[in-house]
Amino acid sequence: MARLIHTGQAIVDLTMSLARVPKAGEDVFVDSHNFAAGGGFNVMAAAARDGAEVVYAGTCGTGFFGDLVRSAMQAEGVHLALPPIPDQDTGFCIAMTDAQAERTFVSTVGAEAQLTAQLLAQVPLSSEDVIYLSGYSFVHPQNSAALLQWLPTVKAKQIVLDVSPVVGDIAALDKVLGLCSVVSVNERELALLEYSTAMAGAALARQFHVTVLARAGAAGTTIYWPSSDPPKHVATPVVSPVDSNGAGDAHAGVFCSSLLAGLDTVQAVRRANVAGALTVTKAGPATSPSRAQIEAYLQQL
């Protein structure tokens, strides 16, 4: 069976809902908070809930945070391909969501940044698998080196890069883009990507021969093709947002699971848009809907 191979970082999220993010020196009280597995876990949970077989090919720690992450992945049916790293815990992220549903992050680094090419070589692969890459991996020097050594050796159905908010800090950006088949990016990230590459979405797609998914939240997703075909806009359902945390992860996970199910890019984006929209209607980092919920919503459109 084809699987989603997730090579990113599963960490712990401390999510906070507050009226506004404090300025330097200020102290504010939150309206609510939650402590749960997050980061790359959100993508894997989304794909697993959509029916995909998911493998975590990243590293994990052995302390309190690592135990929490492993337990959450096991509860979602995610297979852990690698043993935990001894004597080091997994990192965590403080994710603040303000009254406008905008997010601000502060993150630590732990065992999830200790990936090596030797560890990746232990992960069995199929040419029908979809490999998921996170931009965060390429700002961790050890993970970046491991992936750049490993990726040219693998054969997969698709290699999907979610550039992430740190895209402007990826030193080997051109090399990473050259190893992918699909690049998923939101509006802010696309602006940073265009600045880094001096190319718009369409030119980026042609230059690196990748399909670019330009996500604009409620405004939908525009697909730029590596060919001369015109861009394709795919609408997103209109919802009342509660918490935007995890929406991009849900989009990525369901897009990948849809590819694994044999759907084409447009169909996969349509389902991913629905997943992202439904995710923002609930508070929390891993609120992606189930396959049944996605299909039920699509039938109403």
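Would you mind telling me which numbered condition in (1) open to solvent by 40 Å² or more (accessible area, probe 1.4 Å); (2) under 20 Å from the mean Cα position of the chain (by Cα); (3) of a type in the set (D, E, K, R); (4) more than 21 Å from Ala72 (Cβ to Cβ) Lys282 fails?
Result: Lys282 fails condition (4) only.
Hey, any hits in segment 86-104 for a residue that's crowded, with 18+ Cβ neighbours inside 10 Å, modelled with pLDDT of 95 or more and out of contact with any helix residue (DSSP H, G or I) (no Cβ under 7 Å at 6 or more places or on another chain)?
No: segment 86-104 contains no residue that is crowded, with 18+ Cβ neighbours inside 10 Å, modelled with pLDDT of 95 or more and out of contact with any helix residue (DSSP H, G or I) (no Cβ under 7 Å at 6 or more places or on another chain).
Run down Val109, Val130, Val154, Val166 and say which single residue is in contact (Cβ under 8 Å) with a residue 12 or more places away in the chain and open to solvent by less than 10 Å² (accessible area, probe 1.4 Å).
Val130 is the lone residue from the list that is in contact (Cβ under 8 Å) with a residue 12 or more places away in the chain and open to solvent by less than 10 Å² (accessible area, probe 1.4 Å).
Just to be sure I understand, how many residues within segment 60-79 are touching a Pro at 6+ places or on another chain (Cβ under 8 Å) and of a type in the set (Ser, Thr, Tyr)?
Keep residues of segment 60-79 that are touching a Pro at 6+ places or on another chain (Cβ under 8 Å), which gives 60-62, 66, 70.
In the following step, the residues that additionally are of a type in the set (Ser, Thr, Tyr) were identified as 62.
Residues flagged as touching a Pro at 6+ places or on another chain (Cβ under 8 Å) and of a type in the set (Ser, Thr, Tyr) within segment 60-79 amount to 1.
Name the pairs whose Cβ atoms lie under 7 Å apart, with the first residue in segment 208-232 and touching a residue at least 12 places away in the same chain (Cβ under 8 Å), the second among the basic types (Lys, Arg), and 6 or more positions between them or separate chains?
Thr221/Arg215; Ile223/Lys232; Pro226/Arg206
Are any of the residues in segment 66-83 assigned to a helix (DSSP H, G or I), of a type outside the set (A, V, I, L, M) and within 16 Å of the chain's Cα centre (by Cα)?
no
Output the residues belonging to segment 34-71 that are under 21 Å from Gly110 (Cα atoms), touching a strand residue (DSSP E or B) at 6+ places or on another chain (Cβ under 7 Å), open to solvent by 20 Å² or more (accessible area, probe 1.4 Å) and hydrophobic (A, V, I, L, M, F, W, C).
Residues satisfying the conditions are Phe35, Ala36, Phe65, Leu68.
Which members of segment 277-297 meet the condition of being touching a helix residue (DSSP H, G or I) at 6+ places or on another chain (Cβ under 6 Å), in a helix (DSSP H, G or I) and modelled with pLDDT under 95?
Passing the criteria: Thr279, Tyr297.
Please give the helices (runs of 4 or more DSSP H) falling wholly within segment 136-222 in which 1 or more residues are under 17 Å from Thr265 (Cβ atoms). Steps first, answer last, please.
Working: elements: 141-150, 173-177, 187-197, 201-208.
Counting at least 1 such residues, we get 201-208.
Go through (1) open to solvent by less than 20 Å² (accessible area, probe 1.4 Å); (2) in a helix (DSSP H, G or I) and name the single condition Arg270 misses.
Going through the list (1) open to solvent by less than 20 Å² (accessible area, probe 1.4 Å); (2) in a helix (DSSP H, G or I), Arg270 breaks only (1).
Return the residues of segment 111-158 that are of a type in the set (Ser, Thr, Tyr) and over 24 Å from Gly248 (Cβ atoms); say none if nothing qualifies. Reasoning before the result, please.
Pass one, segment 111-158, residues of a type in the set (Ser, Thr, Tyr): 116, 126-127, 132, 134, 136-137, 144, 153.
Selection gives Thr116, Ser126, Ser127, Thr153.
Would you pick out the residues in segment 257-276 that are among the charged types (D, E, K, R) and in contact with a helix residue (DSSP H, G or I) (Cβ under 7 Å, 6 or more places away or on another chain)?
The one that is among the charged types (D, E, K, R) and in contact with a helix residue (DSSP H, G or I) (Cβ under 7 Å, 6 or more places away or on another chain): Arg271.
Could we say that Ala198 is closer than 28 Å to Ser126 by Cα and either more than 19 Å from the chain's Cα centre (by Cα) or small (Gly, Ala, Ser) (or both) here? Give the derivation first.
Numbers: closer than 28 Å to Ser126 by Cα: no; either more than 19 Å from the chain's Cα centre (by Cα) or small (Gly, Ala, Ser) (or both): yes.
In short, no.
The values are calculated or read from the model by the stated rules, or taken from the named source; none is laboratory data. Not measured: the values here are computed from a predicted model. Here Cβ is always computed from backbone atoms with ideal geometry, including for glycine, and neighbour counts include all displayed protein chains. We work out accessible area using only protein heavy atoms, side chains counted, and drop any ligands, DNA or RNA first. Shrake-Rupley method; radii C 1.70, N 1.55, O 1.52, S 1.80 Å.
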